[in-house]
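Working notes, beginning with the structure itself.
The values are calculated or read from the model by the stated rules, or taken from the named source; none is laboratory data. Note that the structure is a prediction, hence the values are computed from the model and not measured. Note that we place each Cβ from the backbone using ideal geometry, even for glycine, and neighbour counts take in every protein chain shown.
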Amino acid sequence: MQTGQHNLTDIIPVETAGTLDGLFRERVRRSPHKVAYRDYDRSSGKWRDLTWSQMDDRIEHWQAALSRESLAPGDRVAVMLRNCPEWVMFEHAALRLGLVVVPLYTADRPENAAYILRDAGAKVLLVEELAQWQAFSEVRDQIGNLVRVVTFQGIPEKKDDGLVLALHEWLPEELPERLPGEAGTTPDFKRDTHQLATIIYTSGTSGRSKGVMLSHHNILTNAYSCLQVVPIRQDDLLLSFLPLSHTFERTAGCYVPIMQGATVAYARSVHQLQEDLLIIRPTILVSVPRIYERVYAGIQARLAEGPPLNRRLFELAVEIGYNRFEYQQHRAPRHVSHMLWPFLEIMVAKKVMGKLGGRLRCAMSGGAALSGDVSRVFIGLGLPILQGYGMTESSPVVCCNTPEDNVPTSVGRPIPGVEVKLGEHNALLIRGPNVMLGYWNNPEATKAVMMPEGWLNSGDIAHIDAHGRVTITGRLKEIIVMSTGTKIPPANMEAAILRDSLFEQVMVIGEGRSYLSALVVLNSSKWEAISGQYGLDRDWRRLLGNQKLEKILLERIAHQIKEFPGYAKIYRAGLAREPWTVENHMLTPTLKLRRNQVLSQYSTEVDRLYEGH
């Protein structure tokens, strides 16, 4: 992105901010009366706006409350709260006192959250509601460092020896004359941009989570570099729904808007996302691929149920729209068919985009690979999806496509200040000011990924073209090595299979086996609609092991992966009994498959798929 093409004049430089809390203070100074956050107030049933100045006032109350807990700079405090302005208030109050913030996923298992609290030595915990804290009852003895638990909702019982307080009890009504760390006082810690700001525990698809240590400088430089390539403006409105405990949302959906002065609205929940898109009407969307895939699957399902003319019009709009996109990217000539676009835009594109609020200028996708077919549909309908790549250990953004140079099959070039190269086995290596300080309390794990001269081994397999664009082709740890020695990256095949809306979830398996199979979860409403034509039960869960259904599934899978090499063929398909969720521990909180967990849970079905082999 050429920096002259969007307003960079009010972006706060890293040097001016110094620290993350310094960034917030500078934004308050520059835009005190501009709306900073919008969220749904459950008590009044209305959406509310908070200006930067109002946020600053409330942060001071949180800062005063934290300062009464006898905490020292460098102490860790944890937050297990849904996205809301109070999440930001808690974080910045903590940062102003030199504390280290440890975010937790609200849907995390108590035993994993307890492990994080114990490993980090967290002294304060902010939870959404009393029930979350009560869920810790069986692991309470594992988290003895806590000196205070604050509940955002609910009135705690008095049997916790004063450990647990409701938020209204904890926050002071009156502020002290001068807050710790305020201008004019002598703070007992040195403000250093390279000091530890947060420990973010990776949601690991296997094994214990590792605590990624990120400094103020790591995150600030990453946010600033993002703003050099992504066209976010001060008048933009972002809708935030990825958990703030996810590094992608924390940097791209929180600190980037602070640095630029854009407004963030917090969605009520992922389940209400469709309704909130229509209410908030955002101009920028930051998301993981799964959200775009769900919208895509919904579109395909509606088209399948509608008249053939609607499908043809839709396909024509995508085809011509995408061709126009390629022309605008200087990769294709102008075509006479482009003259049909004004008609197709009214008849098709605006109707689809209207379901996303009708004002989206740009959407970003990260966290996992986005299917080429999915991005083609949205780009063809006029929504430029910019796919990027990153990891928690890099704060997180490493590469990103730009509006002027958008190659949807790649993750773009490295953002300013970040270097990449290929290492052994074509592993992508990363170097820059965004690379983590290391793993908390885990020097062995740090040594395993940090290489000489500051290079971070991502563990992802990549290709870098002659123009410096990066394409992620697989993950070293997730590569399936078959008994034949053939190596298969399953994620690409799974993304292709999911283009068929019959499949809700899929996992390709075959490690150490002579052929590939797939475990699938079906879309119940889609199967009900088509089961009659096959003469099979409307409830697919009653068809476990049914050979006729397996043949149907294999035919549909084969159609979706026909462009893959011949050795990447799925020979058997088995059904999972229930959807894979965070709650049943089959997905990480960032919605990635816990492959080992799925294999363990469905070991009997996997054995059936390989009987006699």
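Does Pro416 qualify as being buried (at least 18 other Cβ atoms within 10 Å of the Cβ), in the same structural domain as Ala369 (by TED's automatic domain parsing) and part of a loop (DSSP other than H, G, I, E, B)? Spelling it out, it is not the case that Pro416 is buried (at least 18 other Cβ atoms within 10 Å of the Cβ), in the same structural domain as Ala369 (by TED's automatic domain parsing) and part of a loop (DSSP other than H, G, I, E, B). Considering (1) surrounded by fewer than 19 Cβ atoms within 10 Å (Cβ to Cβ); (2) acidic (Asp, Glu); (3) touching a Phe, Trp or Tyr at 6+ places or on another chain (Cβ under 9 Å), the lone condition that Asp39 does not fulfil carries the number (1).
Taking the stretch 587-611 as the range and being β-branched (Val, Ile, Thr), at pLDDT 90 or above and not in a helix (DSSP H, G or I) as the test, no residue passes.
For the stretch 300-344, the set of residues classified as without any contact (Cβ under 8 Å) to a residue 24 or more places away in the chain, of a type in the set (Gly, Ala, Ser) and either more than 25 Å from Val407 (Cα to Cα) or assigned to a helix (DSSP H, G or I) (or both) consists of Gly306, Ser337, listed by residue number. Residues of the stretch 393-411 that are more than 14 Å from Val229 (Cβ to Cβ) and either touching a Leu at 6+ places or on another chain (Cβ under 8 Å) or surrounded by 24 or more Cβ atoms within 10 Å (Cβ to Cβ) (or both): Glu393, Ser394, Ser395, Pro396, Pro408.
For the stretch 452-463, the count of residues that are within 25 Å of Arg331 (Cβ to Cβ) and either touching a residue at least 12 places away in the same chain (Cβ under 8 Å) or buried (at least 16 other Cβ atoms within 10 Å of the Cβ) (or both) is nonzero. Scanning the stretch 567-598 for residues that are over 16 Å from Ile480 (Cβ atoms) and either surrounded by fewer than 17 Cβ atoms within 10 Å (Cβ to Cβ) or not assigned by TED's automatic domain parsing to the domain that holds Trp527 (or both), we see that the one that is nearest to the chain's Cα centre (by Cα) is Thr581.
Annotation: Leu126 fulfils all but one of (1) hydrophobic (A, V, I, L, M, F, W, C); (2) surrounded by fewer than 20 Cβ atoms within 10 Å (Cβ to Cβ); (3) more than 19 Å from Ser209 (Cα to Cα); the unmet one is (2).
If I filter the stretch 286-299 for residues that are of a type outside the set (A, V, I, L, M, F, W, C), part of a loop (DSSP other than H, G, I, E, B) and closer than 27 Å to Leu227 by Cβ, do I get at least one hit?
Scanning the stretch 286-299, I find no residue that is of a type outside the set (A, V, I, L, M, F, W, C), part of a loop (DSSP other than H, G, I, E, B) and closer than 27 Å to Leu227 by Cβ, so the answer is no.
Of the residues making up the stretch 116-139, those that are farther than 30 Å from Thr193 by Cβ, of a type outside the set (Val, Ile, Thr) and outside any strand (DSSP E or B) number 9. Just one residue in the set Ala78, Ala72, Ala107 is within 25 Å of Arg42 (Cα to Cα), of a type outside the set (Ser, Thr, Tyr) and surrounded by fewer than 24 Cβ atoms within 10 Å (Cβ to Cβ); that residue is Ala107. Looking across the stretch 294-332, the residues that are out of contact with any His (no Cβ under 7 Å at 6 or more places or on another chain) and polar (S, T, N, Q) come down to Gln300, Asn310, Gln328, Gln329.
Looking at the stretch 357-379, is at least one residue part of a helix (DSSP H, G or I), out of contact with any strand residue (DSSP E or B) (no Cβ under 9 Å at 6 or more places or on another chain) and free of Cβ contacts under 8 Å to residues at least 24 places away in the same chain? No, the stretch 357-379 contains no residue that is part of a helix (DSSP H, G or I), out of contact with any strand residue (DSSP E or B) (no Cβ under 9 Å at 6 or more places or on another chain) and free of Cβ contacts under 8 Å to residues at least 24 places away in the same chain. Of the set (1) without any contact (Cβ under 8 Å) to a residue 24 or more places away in the chain; (2) crowded, with 17+ Cβ neighbours inside 10 Å; (3) among the aliphatic types (A, V, I, L, M); (4) assigned to a helix (DSSP H, G or I), all apply to Leu553 but (1).
Residue count for the stretch 571-585 satisfying the condition of being in contact with a Phe, Trp or Tyr (Cβ under 9 Å, 6 or more places away or on another chain) and either modelled with pLDDT of 90 or more or in a helix (DSSP H, G or I) (or both): 5. Would you mind stating whether Leu244 is in a loop (DSSP other than H, G, I, E, B) and either within 16 Å of the chain's Cα centre (by Cα) or crowded, with 24+ Cβ neighbours inside 10 Å (or both)? Against the criterion (in a loop (DSSP other than H, G, I, E, B) and either within 16 Å of the chain's Cα centre (by Cα) or crowded, with 24+ Cβ neighbours inside 10 Å (or both)), Leu244 qualifies. Tallying residues that are over 20 Å from Arg302 (Cα atoms) and not polar (S, T, N, Q) within the stretch 497-520 yields 13.
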